[in-house]
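Reviewing the structure listed below.
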Amino acid sequence: MKKSACEINCGKLTVAEVLKRAKTVNITRSIELCYKQLISLLYPPPVENKNSTPEPDMDKVFCEMKKKR
């Protein structure tokens, strides 16, 4: 892994993470995918958790903060 990291000029932890992601999606050898397809397999969009706390409306927060001055 260290040799691979040196060859592509990145850290060995980065190589380990990408290999872990590849194993998760069953990429075990060279496959014919374009760059976008490969990236979408290795880094899928995050799944929204319906039970998570919603993000605050920052425009409203800033507006309320201005009122308190």
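So here's what we get for this one:
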| read-out | value |
| --- | --- |
| All positions within segment 37-50 that are of a type in the set (Val, Ile, Thr) and either part of a loop (DSSP other than H, G, I, E, B) or in contact with a Pro (Cβ under 7 Å, 6 or more places away or on another chain) (or both) | Val47 |
| When residues of segment 1-17 are limited to those that are touching a helix residue (DSSP H, G or I) at 6+ places or on another chain (Cβ under 8 Å) and in a helix (DSSP H, G or I), the one surrounded by the most Cβ atoms within 10 Å (Cβ to Cβ) | Val15 |
| All positions within segment 18-36 that are in contact with a helix residue (DSSP H, G or I) (Cβ under 8 Å, 6 or more places away or on another chain) and either among the aromatic types (Phe, Trp, Tyr) or part of a helix (DSSP H, G or I) (or both) | Val18, Arg21, Ala22 |
| Conditions (1) in contact with a Pro (Cβ under 9 Å, 6 or more places away or on another chain); (2) modelled with pLDDT under 80; (3) not small (Gly, Ala, Ser): number failed by Val25 | (2) |
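The values are calculated or read from the model by the stated rules, or taken from the named source; none is laboratory data. Bear in mind the structure is a predicted one, so any value in this text is a computation, not a measurement. Positions of Cβ are backbone-derived with ideal geometry, glycine not excepted, and every protein chain shown enters the neighbour counts.
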